[in-house]
Amino acid sequence: MKKIFLILFSCVTMGMPIVSAQGSSQPNKDNIQDDSIVAPESLNEHLATLLHEWQIDFSKSDNACRQGANVIFHDTVYSRRLYNMPTEMELSYNQVVRQYIDMYANRRRDMVGYMLTIGNYYFPMFEEALDKHGLPLELKYLPVIESALNPVAVSRAGATGLWQFMLRTGKGYGLQINSLVDERRDPHKSTEAAARYLKDLYAIYGDWNLVIAAYNCGPGNVNKAIARSGGKHDYWQIYYNLPRETRGYVPAFIAANYIMNFYDKHNICPIESFQEMTALDTIHVNNQVHFNQIAEVLDIPLGDIRRWNPQFKKDRVPGNYQRYTLVLPTNKVYAFLEKEEEIMSFRRSDYITHRENTDGYLASSGSSVSGNSENVYYRVRNGDNLSKIASRNGVSVSQLRSWNNLRSTRITAGKSLIVRKKPIDSPVWEAGETALAQQTTNPGGVTKTVNEYYRVRSGDNLGKIAQKNSVTVAQLKSWNGLSSDRLSVGKQLIVKKKTVTVEQSQPIQQTAETTASAKESSGIISNYLKQQLEGTTVDGASVEADASTEAE
């Protein structure tokens with residue numbers, strides 16, 4: 001008995017897991033040892049890259065508190081500090097957690113100093129969403145390990161934003177993702193989606209450590225780890241059954257909670273920034289606008305607009321598609337409302353280059369167009385401005401001003417504006433490109449019917465066109481499939497059907513050799529398709545056969 005006690009005592013003092021009578025290891029949170037942990041991607045990001053993507057100017061920082069050397073404490077100090085924190089989540093201590101505390105407090109202490117300042121902007125936002133859904137407020141530190149508080153962070157797997165949503169999960173929680181907008185990068189909307197996702201995961205597991213693990217590697221991998229452990233639902237008991245990349249995730253989260261609350265004990269100071277980060281407001285945008293237009297008219301640094309609105313990937317707000325929310329400093333919101341028309345029209349053709357309509361290019365490229373054009377007019381209505389009218393008509397604001405001799409962008413309701421120049425033709429009918437309607441053979445050769453065309457111009461009607469071409473209105477309607485007498489300018493009409501005789505070419509004599517060649521060619525194509533369907537290559541070597549050969 002004494003011998004057994006000594007063995008057990010030795011196991012405990014050496015930090016080894018105790019082995020039961022059945023021989024199975026019973027790990028707990030205190031004796032977890034792992035030398036092969038993989039740090040979250042955010043911890044490996046270069047500080048220079050983060051400073052660029054945070055888009056905050058720290059160059060003029062002059063902290064009263066200077067970063068000192070790291071202070072290392074005894075394990076009991078770390079353990080007691082974590083245990084005494086007023087948290088709903090279990091923030092337990094072990095040697096893996098210690099490794100991450102050391103990483104934050106020592107190697108990544110500069111990153112922590114910057115994140116403490118950035119957190120002044122993000123953490124209240126996170127707390128508000130978590131509190132709204134009744135979730136533990138300590139989850140606000142999840143983006144510290146997910147993205148290092150970088151709203152435009154993209155992982156190797158494609159997870160994006162502060163909360164590192166994968167595309168499919170983000171869309172599943174209502175985030176809009178397209179070529180111009182990615183709401184995974186929107187701090188407010190992605191935080192709301194993350195809170196809902198975490199709440200749904202807790203409904204499944206009922207344990208916050210398992211929830212965080214599932215947030216990182218997906219519920220499927222956590223369920224597999226639970227099954228491999230024999231059905232245990234304690235994170236530390238399934239630790240070694242989790243993917244290697246996920247094992248360090250919960251310890252890193254616990255360490256992030258520790259360092260964000262006890263940074264001063266390790267001589268870490270928030271790195272100050274003189275940029276305004278909190279006095280912000282929102283405005284709804286109903287028109288397409290580029291960040292450069294806002295920046296130049298309102299005299300705001302472009303980098304600031306990007307930092308406040310990271311969801312717009314190409315510096316463009318597609319407000320013509322739907323209404324979007326734009327974040328600006330409170331004092332600039334009022335300026336935006338006052339100068340909205342000026343902003344929308346400012347160098348619009350330079351920044352908004354997509355054209356709504358290109359019919360004019362097609363109409364002017366045909367050989368039948370004489371080069372003349374006619375003006376298309378639009379009567380200005382209440383709420384209109386030049387940029388809206390230009391966008392609707394596929395032209396630029398400068399073109400509108402030039403055509404209408406406007407000295408400024410101000411317009412009044414009721415005024416008629418030239419909004420397009422439409423090409424028109426000379427009033428002659430054209431024998432256009434022939435369209436084969438009917439072909440017959442007679443002793444004199446082959447005859448075929450070709451159509452003669454006329455392009456409708458302003459002032460034309462079916463009666464005039466029929467009279468010009470010595471045909472009836474009924475014939476015109478029949479040839480052109482018209483159900484009414486209405487015509488549109490620019491439309492091509494068949495106005496005559498003419499029968500012509502063409503010389504008949506001698507038929508090619510099909511020899512036995514050409515017939516055999518055709519059959520052979522057909523056979524090759526047939527064999528190729530058959531091989532593709534059967535999973536073989538062109539030369540007949542089976543892919544499956546190759547695989548089996550490699551196995552041998």
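The values are calculated or read from the model by the stated rules, or taken from the named source; none is laboratory data. None of the values given here were measured: they were computed from a predicted structure. Cβ coordinates were reconstructed from backbone atoms using ideal geometry, including for glycine residues, and neighbour counts include every protein chain displayed.
Quick notes on this structure:
- Within region 135-167, considering residues that are touching a Leu at 6+ places or on another chain (Cβ under 8 Å), among the small types (Gly, Ala, Ser) and surrounded by 21 or more Cβ atoms within 10 Å (Cβ to Cβ), the one farthest from Ile212 (Cα to Cα): Ala153
- Scanning region 104-134 for residues that are surrounded by fewer than 17 Cβ atoms within 10 Å (Cβ to Cβ), within 24 Å of Gly68 (Cβ to Cβ) and of a type outside the set (Lys, Arg) turns up Asn106, Asp110, Asn120.
- Residue satisfying all of: in region 187-223; surrounded by fewer than 17 Cβ atoms within 10 Å (Cβ to Cβ) and assigned to a loop (DSSP other than H, G, I, E, B); modelled with the highest pLDDT among these: Gly206
- Residue in region 151-161 that is of a type in the set (Gly, Ala, Ser), farther than 24 Å from Ile305 by Cα, assigned by TED's automatic domain parsing to the domain that holds Tyr122 and not in a loop (DSSP other than H, G, I, E, B) present: no
- Residues that are under 30 Å from Thr76 (Cα atoms), buried (at least 17 other Cβ atoms within 10 Å of the Cβ), within 30 Å of the chain's Cα centre (by Cα) and charged (D, E, K, R) do occur in region 246-255, at least one of them.
- Whichever residue in region 94-107 is out of contact with any helix residue (DSSP H, G or I) (no Cβ under 6 Å at 6 or more places or on another chain) and not aliphatic (A, V, I, L, M) and, among such residues, is modelled with the lowest pLDDT: Arg107
- Scope region 246-282; condition modelled with pLDDT under 90, more than 15 Å from Val97 (Cα to Cα) and charged (D, E, K, R); matching residues: Glu272, Glu276, Asp281
- Conditions (1) modelled with pLDDT of 80 or more; (2) surrounded by 13 or more Cβ atoms within 10 Å (Cβ to Cβ); number of the one not met by Ser470: (2)
- Taken over region 335-351, the residue count meeting the criterion of being closer than 13 Å to Ile300 by Cβ and of a type in the set (A, V, I, L, M) is 2.
- Any chance Lys232 is under 29 Å from the mean Cα position of the chain (by Cα), without any contact (Cβ under 8 Å) to a residue 24 or more places away in the chain and at negative phi: no
- Of the residues making up region 287-346, just one is in contact with an Asp or Glu (Cβ under 7 Å, 6 or more places away or on another chain), over 16 Å from Glu183 (Cβ atoms) and part of a loop (DSSP other than H, G, I, E, B), namely Phe346.
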